[in-house]
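**Q** Here it is, the structure, as structure tokens.
The values are calculated or read from the model by the stated rules, or taken from the named source; none is laboratory data. Since this is a predicted model, take the numbers as computed values, not measurements. All Cβ positions, glycine included, derive from the backbone under ideal geometry; neighbour counts span all protein chains shown.
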Amino acid sequence: MKVIVLGGGVVGVTTAYQLQKDGHDVVLVDRQPVVAGETSWGNAGMVAPGHSFVWSSPKAPLTLLKSLVLKDQALRFKFSADPKLYSWSWLFLLECTSEKARRNTLLKHRLAAYSQSVLQDVLREEDVNYDRNDRGILYFHRSQEALDRGVAQMKLLESDGQEIKVLDRNQVVALDPSLATAKDGIVGAIHCPTDETGDPAKFTRALANKIEARGGQILTQTTIQDFDIAGDEVVGIHTDQGRITGDAYVLALGSYSPILAGKIGIRLPIYPVKGYSLTVPIEDHRHPPNVAAVDEHNLVAFSRFGDRIRVTATAEFAGYDTSHKPADFAFMKRVTQELYPDGGNYAEAEMWAGLRPMTPNNLPFLGRKKYRNFFLNTGHGHIGWTMSHGSARITADLVSGRTPAIPMEGLTA
Ligand SMILES: Cc1cc2nc3c(=O)[nH]c(=O)nc-3n(C[C@H](O)[C@H](O)[C@H](O)COP(=O)(O)OP(=O)(O)OC[C@H]3O[C@@H](n4cnc5c(N)ncnc54)[C@H](O)[C@@H]3O)c2cc1C
């Protein structure tokens with residue numbers, strides 16, 4: 001079959017890879033000059049089933065309300081004229097019961113863990129250098145009360161097979177001596193030894209090269225504008241470079257999926273939630289992070305990609321605006337410098353902002369939708385790199401008419 005994959009972020013490229021592996025001819029279409037040119041470029045690179053907790057939890061409504069009045073650094077919600085923000089927020093609030101949060105977190109953890117196993121299969125077969133670090137992730141806390149709450153919360157993921165270790169501050173520093181100067185500000189951490197990190201853009205681009213080398217087409221600088229429909233089938237897509245046709249189509253446009261899907265009568269509640277990142281060159285600095293970490297008090301994440309540190313923070317509801325200014329990064333930079341004072345050349349940090357494609361329950365939309373040959377693989381929110389490999393494998397199975405390895409419960413639009 002000839003399959004057209006719409007979107008060349010990590011989700012689209014991993015999908016094209018799995019489809020090609022199954023013997024399909026693949027054509028991937030993206031508007032950027034290179035794949036992973038949007039959200040899949042600047043994220044924290046955490047492959048983190050241990051971070052599967054959904055944002056739509058019972059404490060979320062109060063956090064959202066507070067963000068309207070307080071100048072909160074982690075969450076920024078502003079009123080806007082966009083009606084989609086309010087319809088999405090309403091659906092999000094409906095997911096915020098403790099029962100739904102528990103169910104959605106477990107479904108997400110199942111997909112994330114499966115996805116990590118698919119990533120390992122890919123790495124067994126392919127030689128991909130993407131600055132992988134498999135020393136786990138430290139989720140650290142700054143008060144005993146917060147650590148105890150974190151440990152209690154983690155029991156849910158532990159019940160689903162997540163390995164965790166609870167460390168006191170001495171054990172944290174023993175694991176990553178670069179945190180020595182910040183030791184007194186840390187009470188302890190939950191270490192998920194099987195979580196890992198790696199540069200998602202490097203990975204995605206390397207995989208796209210392999211797809212091309214095996215005869216797949218990667219069409220960049222090609223903007224998708226519309227679809228051709230005949231009866232219950234998609235029969236082609238219109239792009240600014242002409243019409244492209246195939247036997248099946250996979251929608252993987254991240255935050256832009258609802259815009260295109262809306263043109264053919266598919267309503268997808270996906271809203272862009274903006275995040276910021278800094279990429280810090282380490283140069284000759286002696287104490288960069290050795291183990292990826294999340295400062296759970298300040299909600300700032302740190303990963304080490306070879307000779308760079310990636311720092312990410314903030315969830316902001318600002319529509320499709322990806323602009324940024326130095327002030328947006330001041331807080332995360334200060335937190336990083338306090339934790340890793342000799343970590344890197346902070347003056348030369350590269351600034352970036354991107355859009356998380358969030359669904360109300362934080363689970364992606366997979367599977368066939370409305371048309372016989374039209375498949376969704378989109379809405380991966382805040383851990384799309386983590387869930388991409390499994391979502392790609394599931395999508396390839398569905399396109400080929402096979403039953404996926406994990407149940408589809410909660411994963412359809
Ligand atoms: C600050 C931040 C930190 C994050 N940290 C992590 C993390 O540590 N771990 C993790 O797992 N996830 C993380 N994420 C989430 C992760 O980055 C996303 O879930 C993931 O990148 C989504 O991938 P995608 O392929 O769906 O979307 P994208 O990467 O946005 O890809 C969509 C593609 O569609 C293309 N496109 C859009 N419209 C058109 C059109 N009309 N025509 C042609 N092409 C089009 C775009 O060019 C783009 O390449 C983070 C996100 C942010 C913002």
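**Q** Tally up the residues in segment 274-310 that are free of Cβ contacts under 8 Å to residues at least 60 places away in the same chain, farther than 22 Å from residue 187 by Cα and β-branched (Val, Ile, Thr), please.
**A** The total comes to 1.
**Q** Could you pull out the residue among 367, 384, 390, 344 that is within 12 Å of the ligand (Cβ to nearest atom), at pLDDT 95 or above and either farther than 15 Å from residue 40 by Cα or of a type in the set (D, E, K, R) (or both)?
**A** It is 390.
**Q** While we're here: Which of the residues belonging to segment 238-268 are more than 30 Å from residue 23 (Cβ to Cβ), within 15 Å of the ligand (Cβ to nearest atom) and not hydroxyl-bearing (Ser, Thr, Tyr)?
**A** 240, 258, 259, 262, 263
**Q** Follow-up question, since we're still on this one. Test each condition in (1) under 30 Å from residue 213 (Cβ atoms); (2) surrounded by fewer than 24 Cβ atoms within 10 Å (Cβ to Cβ); (3) touching a residue at least 40 places away in the same chain (Cβ under 8 Å) for residue 102 and report the one that comes out false.
**A** For residue 102, the exception is condition (1).
**Q** Would you please list the contacts, defined by Cβ atoms under 9 Å and residues six or more apart or on different chains, that run from a residue in segment 314-342 that is at positive phi to a residue that is part of a loop (DSSP other than H, G, I, E, B) and at pLDDT 95 or above?
**A** Between residues of segment 314-342 that are at positive phi and residues that are part of a loop (DSSP other than H, G, I, E, B) and at pLDDT 95 or above, the close pairs are 314/299.
**Q** Is there any pair with a first residue in segment 202-229 that is closer than 30 Å to residue 306 by Cβ and more than 15 Å from the ligand (Cβ to nearest atom) and a second that is aliphatic (A, V, I, L, M) and in a loop (DSSP other than H, G, I, E, B) whose Cβ atoms are under 7 Å apart and which are 6 or more apart or on different chains, and what are they?
**A** Short answer, once both residue conditions are applied: 206/128.
**Q** Return yes or no: is residue 348 surrounded by fewer than 15 Cβ atoms within 10 Å (Cβ to Cβ) and in contact with a strand residue (DSSP E or B) (Cβ under 9 Å, 6 or more places away or on another chain)? Full working, then the answer.
**A** Values: surrounded by fewer than 15 Cβ atoms within 10 Å (Cβ to Cβ): yes; in contact with a strand residue (DSSP E or B) (Cβ under 9 Å, 6 or more places away or on another chain): yes.
Here the answer is yes, as residue 348 does meet what is asked.
**Q** Continuing with the same structure: Look through segment 269-288, keep the residues that are under 19 Å from residue 349 (Cα atoms), of a type outside the set (Asp, Glu) and away from the ligand (no atom under 14 Å from the Cβ), and return whichever of them is surrounded by the most Cβ atoms within 10 Å (Cβ to Cβ).
**A** 280
**Q** Here is a further query. Report whether or not residue 54 is under 30 Å from residue 93 (Cβ atoms), away from the ligand (no atom under 11 Å from the Cβ), at pLDDT 95 or above and of a type in the set (A, V, I, L, M). Let's see the steps before the verdict.
**A** Details: under 30 Å from residue 93 (Cβ atoms): yes; away from the ligand (no atom under 11 Å from the Cβ): yes; at pLDDT 95 or above: yes; of a type in the set (A, V, I, L, M): yes.
Judged against the criteria, residue 54 is a match.
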